[in-house]
Amino acid sequence: MTEKNSTEDSGLQETFLSHLFELRDRVIKAALAIIVVFVCLVYWAPDIFYFFSQPLLDSLPAGGKMIVTDVTGSFFVPMKVTMLVTFMIALPVVIYQLWAFIAPGLYQHERKLVIPLVISSYSLFVFGMAFAYFLVFPTVFNFMASYNAPLGAEMSTDIDKYLSFAMNTFLAFGITFEVPVVVVVLVRMGIVPLAKLREIRPYVIVGAFVISAIATPPDVLSQLLLAIPMTLLYELGLFIARFYVPKVKDEAAADQSTSASA
C-alpha cells in the first residue's frame with residue numbers, strides 16, 4: 001500500500017513539474033516577443049510619442065508646445081509610450097501562449113468559445129483605444145482649449161501628465177468596449193439569464209452615465225462620448241448573446257463523449 005501511494009505521489013509530482021516547466025517556457029516565449037518588438041520600435045520612440053501626442057498638439061494655439069518638468073521625462077515618457085505600443089502589438093503572442101497552456105484542460109465546447117472571445121476581446125480593446133484617440137481626445141482638448149482663451153491662460157501640458165491622462169482614458173474606453181464580451185460570457189456560462197440582462201437595461205444605462213462621470217474629464221461632452229457607446233455596446237452584447245444561450249443537454253453530451261474518448 002505504501003509503495004502504491006509513493007508511486008502516485010511521484011506521478012503527481014512529475015505532472016506538476018512538467019506543467020511548471022511548460023508554464024516557464026510559455027512565459028519566456030511571451031517575454032521574448034515583447035522584447036523583440038520593443039527593440040524593433042525603440043529607435044522610433046520620439047516619433048511614436050509625437051504621433052501619440054498629436055491630438056493635444058493640434059489643439060494648442062499657434063506656437064504652443066508641450067513641456068517637460070521632470071529631468072528624465074523627455075527620455076522615459078517616450079519609452080513608456082513605446083512600451084505601451086509594444087505590448088499592444090505583442091499581445092496576440094502573449095494570449096496565444098496563455099491559450100496553448102490552458103487549452104489541454106478545457107472541454108471541446110469551451111475551446112470553441114475561448115478562441116472567438118479572445119479575438120473579439122483584443123479587437124474591441126484596440127477599437128476602444130482608437131475611438132479615444134481619434135474622437136475623444138480631439139473633442140476634449142478642443143473643448144478645454146476653448147476655456148483657456150477667455151482666461152488669457154496659456155495651455156502648456158507636461159508630457160508626463162499627458163501620458164497619465166491618455167493611459168487612463170485608453171484603459172477606460174478599452175474596458176468599455178469589452179461590454180459585449182462580458183454580456184456574452186455571462187449568458188453563455190449561465191451566470192445571468194438573457195432575460196434578466198434585458199430586464200436590468202435601465203439600471204445599466206444609469207450605471208453607464210455614473211461610470212462615465214467618474215472616468216472622464218468633468219465636462220458633459222466627454223461623458224456622453226463614453227456613456228453612449230457603453231449603452232450601445234450593451235445592446236450589441238444582448239443581441240449577440242441570443243446566439244450563445246447555453247444548451248445544457250447538448251453540452252453535457254459533448255462533455256461525456258469527450259471524457260469517454262479520453
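The values are calculated or read from the model by the stated rules, or taken from the named source; none is laboratory data. Source: prediction; values computed, not measured. A quick note on method: Cβ atoms are made from the backbone with ideal geometry, for glycine too, and the neighbour counts reach across all protein chains shown. Accessible surface areas use protein heavy atoms only, side chains included; no ligands, DNA or RNA. Shrake-Rupley method; radii C 1.70, N 1.55, O 1.52, S 1.80 Å.
Conditions (1) exposed (fewer than 14 other Cβ atoms within 10 Å of the Cβ); (2) without any contact (Cβ under 8 Å) to a residue 40 or more places away in the chain, marked per residue:
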| residue | (1), (2) |
| --- | --- |
| 43 | yes, yes |
| 49 | no, no |
| 52 | no, no |
| 59 | no, no |
| 69 | yes, no |
| 75 | yes, yes |
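Could you list, in sequence order, all residues of the range 194-207 that are assigned to a helix (DSSP H, G or I) and without any contact (Cβ under 8 Å) to a residue 12 or more places away in the chain?
Answer for the range 194-207, where residues must be assigned to a helix (DSSP H, G or I) and without any contact (Cβ under 8 Å) to a residue 12 or more places away in the chain: 195, 196, 199, 202, 203, 206, 207.
Of the conditions (1) open to solvent by 30 Å² or more (accessible area, probe 1.4 Å); (2) of a type in the set (A, V, I, L, M); (3) within 26 Å of residue 136 (Cα to Cα), residue 102 satisfies every one except a single condition; which number is it?
Residue 102 satisfies all of (1) open to solvent by 30 Å² or more (accessible area, probe 1.4 Å); (2) of a type in the set (A, V, I, L, M); (3) within 26 Å of residue 136 (Cα to Cα) except (3).
So if I check each of 119, 115, which one is open to solvent by 50 Å² or more (accessible area, probe 1.4 Å), of a type in the set (Val, Ile, Thr) and touching a residue at least 12 places away in the same chain (Cβ under 8 Å)? Give the steps one after another, and end with the answer.
Working: 119 fails: touching a residue at least 12 places away in the same chain (Cβ under 8 Å).
It is 115.
Counting only residues that are modelled with pLDDT of 85 or more and surrounded by 14 or more Cβ atoms within 10 Å (Cβ to Cβ), how many does the range 237-257 have?
Looking only at that region, the number is 4.
Going by what's in this entry, would residue 164 be described as more than 18 Å from residue 227 (Cα to Cα) and not in a loop (DSSP other than H, G, I, E, B)?
Answer is yes for this residue.
Regarding residue 156, is this residue touching a strand residue (DSSP E or B) at 6+ places or on another chain (Cβ under 6 Å) and touching a residue at least 60 places away in the same chain (Cβ under 8 Å)? Let's see the steps before the verdict.
On the way: touching a strand residue (DSSP E or B) at 6+ places or on another chain (Cβ under 6 Å): yes; touching a residue at least 60 places away in the same chain (Cβ under 8 Å): yes.
In short, yes.
Just one of (1) of a type outside the set (D, E, K, R); (2) in a helix (DSSP H, G or I); (3) surrounded by 13 or more Cβ atoms within 10 Å (Cβ to Cβ); (4) free of Cβ contacts under 8 Å to residues at least 24 places away in the same chain trips up residue 210, so point out which.
With respect to (1) of a type outside the set (D, E, K, R); (2) in a helix (DSSP H, G or I); (3) surrounded by 13 or more Cβ atoms within 10 Å (Cβ to Cβ); (4) free of Cβ contacts under 8 Å to residues at least 24 places away in the same chain, residue 210 is out only on (3).
So which residues in the range 123-167 are under 12 Å from the mean Cα position of the chain (by Cα) and open to solvent by 60 Å² or more (accessible area, probe 1.4 Å)?
127, 167
I'd like to check something: does the range 170-184 contain any residue that is assigned to a helix (DSSP H, G or I), modelled with pLDDT under 80 and surrounded by fewer than 16 Cβ atoms within 10 Å (Cβ to Cβ)?
Applying the first criterion (assigned to a helix (DSSP H, G or I)) to the range 170-184 yields 170-176, 179-184.
If we keep only those that are modelled with pLDDT under 80 too, we end up with none.
So far as the range 170-184 goes, no, none of its residues is assigned to a helix (DSSP H, G or I), modelled with pLDDT under 80 and surrounded by fewer than 16 Cβ atoms within 10 Å (Cβ to Cβ).
Give the range 219-236 a look and list any residue that's modelled with pLDDT of 85 or more and open to solvent by less than 40 Å² (accessible area, probe 1.4 Å), or say none.
Within the range 219-236, 225, 226, 227, 229, 230, 231, 233, 234 qualify.
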